[in-house]
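Asker: Before I ask anything, let me first share the structure, which is written out below as structure tokens.
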Amino acid sequence: MRIALVCPYNYFRPGGVQACINDLSIELAERGHYVRIIIPRPKNVPTTIDQKIIMIGGSTEFQTPFATKADLSMSKSGEVIEDVLEREKFDVIHYHEPGIPLLSMQIIGKSTSANVGTMHATLPEGMVSRSFEKLMIPFAKFIEPRLHVVTAVSIVAKEAALTYGPKREIDIVPNGIRIKDYVPKKIKKSHGLKKNIVAIGRLEKRKGVKYLLKAYALLKETYPDITLTIAGDGGLRESLEEYVSKNSIPDVTFLGFVSDEEKVRLMRQADVYCSPAIYGESFGIVLLEAMASGAVIVAGNNPGYESVLTGKGKLCLVNPKNTYDFAQRLELLLYDEDMRSLLQLWSREYVKQFDFTKIVDQYEKVYKKAIAIKKKKRS
């Protein structure tokens, strides 16, 4: 098949959707499919770009009402889109977050291919979210009838996808990872005999890192042998570093942005990997990455993470805003060896279902379904 994957965000900036598209493109190509990734041209373009990437138009980063950043992407020229589609003759165009204005809307308006839309995001409860959903309705009304198949990465994301039509059939295809890239290895701990908590991600409000700092500071009073390593960058980095300094919280290291290789190394080195996100997570790829790396997890009990950490994984969930409970859960999973062994054994088996080989099996079926629906509509 000739397949296009459309990313509405800055593809060169770290993010769950970008990671999903990248891994999907690799696995599809390894299976012999012709794959191209269509993205808006960001302001800063890397010097080396994979030949599978097609840049159209441009994008502008903006701050959303949900204390996170997103991109407004579009092409000023419809002819450019027409030229790309005519040249590439895709069998399937797969739009990730199709409602993000405006590139997907522009492409789907000119597409003669089978169209698949995947919903990744979820929104927090509240008036702002409901207002945002109303704002998206015109886009949904244009895009929805042109999508042959709609998928969502989780039950939580499926609820958001119903914006595209409350009676729409929606297939759930979970996110995944290339497990072979995360196989645990014995490596020397950089903190010696100390217990190390690791957190990786964008430093913005919804990621809940300040709650982790509070819980860590409380636990540190009893356990001086723990350290906290925070990797990632974002608008809150300066204020978080000031919080650590002002409250004299010892043994906290901010690494800033790290490469994928360094991310995996940190996860393998962690005694506990912590992701204290409070909202805005529809799945949690980073949880799969940490589990595949052999780390024990403590995670925020937001709906997206709850959809991933089921069964024994529920033991990993905590309300980050409850500092005492948060600190207790960190203590338990740092020092109770029986509990750690139980969760590591569970994680090792549980994560296998999310290997990208299995996820792409599902997407191949979705693509064939979309092509069949398109042919049926034409006949």
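Throughout, read-outs are computed from the coordinates displayed, never taken from laboratory work. For clarity, every value in this text was computed on a predicted model and none was experimentally measured. Heads up, the Cβs are rebuilt from the backbone with ideal geometry, glycines too, and the neighbour counts pull from every protein chain shown.
Asker: If the cut-off is 12 Å between C-alpha atoms, which aspartates and glutamates fall inside it for LYS195, apart from same-chain ones fewer than 8 positions away?
Answerer: ASP225, ASP251, ASP271, GLU331
Asker: Over segment 20-61, calculate the relative contact order: mean separation of alpha carbon pairs under 8 Å at least 6 apart, over the residue count, as a percent.
Answerer: Working: 37 pairs, mean separation 15.1, N = 42.
Relative contact order, segment 20-61: 36 percent.
Asker: Given H placed on each backbone N at 1.01 Å, which residues far from VAL296 in sequence or on other chains put an amide H within less than 5 Å of it?
Answerer: Long-range HN contacts for VAL296: TYR273.
Asker: Please state the relative contact order of segment 180-352 as a whole percent: Cα pairs under 8 Å, 6+ residues apart? Write down the numbers at each step before the final one.
Answerer: Working: 287 pairs, mean separation 42.9, N = 173.
Once divided by the residue count of segment 180-352, the mean separation gives 25 percent.
Asker: Where does each of 292-304, 311-323, 97-109 land if you order them by average Cβ count within 10 Å, highest first? Kindly include the intermediate steps, with their values, before the conclusion.
Answerer: On the way: 292-304: 23.9, 311-323: 17.5, 97-109: 21.8.
By packing density, highest mean first, the sequence is 292-304, 97-109, 311-323.
Asker: Magnitude of the Cβ-charge dipole of the chain, K/R +1 and D/E -1, about the Cα centre, nearest 20 debye?
Answerer: Values: 55 positive and 44 negative charges, 174 e Å.
Taking the Cα centre of the chain as origin, the dipole is about 840 debye.
Asker: I would also like to ask the following. What is the chain's relative contact order, in percent, from Cα pairs under 8 angstrom and six or more apart in sequence? Before the final figure, lay out each step's value.
Answerer: Values: 700 pairs, mean separation 58.8, N = 379.
Once normalised by length, the contact order is 16 percent.
Asker: Note down the net charge around ILE179, summing +1 for each Lys or Arg and -1 for each Asp or Glu among other residues with Cβ under 13 Å from its Cβ.
Answerer: After counting each charged neighbour, the total is -1.
Asker: Counting DSSP beta bridges in the chain, what percent are antiparallel, to the nearest 5?
Answerer: On the way: 6 of 51 bridges.
Among the beta bridges of the chain, antiparallel pairing accounts for roughly 10 percent.
Asker: Report P(r) for the chain: all Cα-Cα distances, bin width 20 Å, range 0 to the bin holding the largest distance, values in whole percent.
Answerer: Per 20 Å bin, starting at zero, the Cα-Cα P(r) for the chain comes out as 28, 56, 16, 0 percent.
Asker: Output wanted: per-residue J couplings in Hz (rounded whole) for segment 290-302, from phi through Karplus 6.51 cos²θ - 1.76 cosθ + 1.60, θ = phi - 60°, x for Gly and Pro.
Answerer: For segment 290-302, the Karplus-derived couplings read 5, 4, 5, 7, x, 7, 8, 10, 10, 9, x, 8, 6 Hz, x marking Gly and Pro.
Asker: Can you give me the angle between helix 16-30 and the longest principal axis of the chain, using Cα atoms only, in degrees from 0 to 90, rounded to the nearest 10?
Answerer: Computed tilt is about 60 degrees.
Asker: Further question: How large is ³J(HN,Hα) for each residue in segment 235-251, as worked out from phi by the Karplus curve 6.51 cos²θ - 1.76 cosθ + 1.60 (θ = phi - 60°), to whole Hz, x for Gly and Pro?
Answerer: x, 9, 4, 4, 5, 5, 5, 5, 4, 5, 5, 4, 9, 6, 7, x, 6
Asker: While we're looking at this one, here's another question. Using packing as a proxy for protection, rank 231-238, 329-336, 83-90 so that the peptide with the highest average count of other Cβ atoms within 10 Å comes first. Each step should come with its number before you reach the end.
Answerer: Details: 231-238: 16.8, 329-336: 19.0, 83-90: 14.6.
Per-residue mean Cβ counts within 10 Å order the peptides as 329-336, 231-238, 83-90.
Asker: All other residues with a Cβ under 9 Å from the Cβ of GLU88 taken together, and with Lys, Arg as +1 and Asp, Glu as -1, what is their net charge? Let's see the in-between values first.
Answerer: Details: positive: ARG2, ARG36, ARG87, LYS89; negative: GLU86.
Around GLU88, the charge tally is +3.
Asker: Stokes-Einstein D for segment 295-342 at 4 °C, 1.567 mPa s, Kirkwood Rh over Cα pairs, in µm²/s?
Answerer: Numbers: Rh = 10.9 Å.
Taking Rh from Cα pairs, D becomes 118 µm²/s.
Asker: Two decimals, Cα atoms only, Kirkwood Rh: what is Rg/Rh over segment 180-352? Intermediate values should be presented prior to the final figure.
Answerer: Details: Rg = 14.6 Å, Rh = 15.9 Å.
Checking Rg against Rh, the ratio lands at 0.92.
Asker: Among the listed pairs LYS180/LYS214; LYS89/LYS205; LYS180/LYS314; LYS158/LYS368, give every one whose C-alpha distance is greater than 31 Å. Let's see the in-between values first.
Answerer: Values: LYS180/LYS214 35 Å; LYS89/LYS205 42 Å; LYS180/LYS314 25 Å; LYS158/LYS368 21 Å.
As for pairs spanning more than 31 Å Cα to Cα, those are LYS180/LYS214; LYS89/LYS205.
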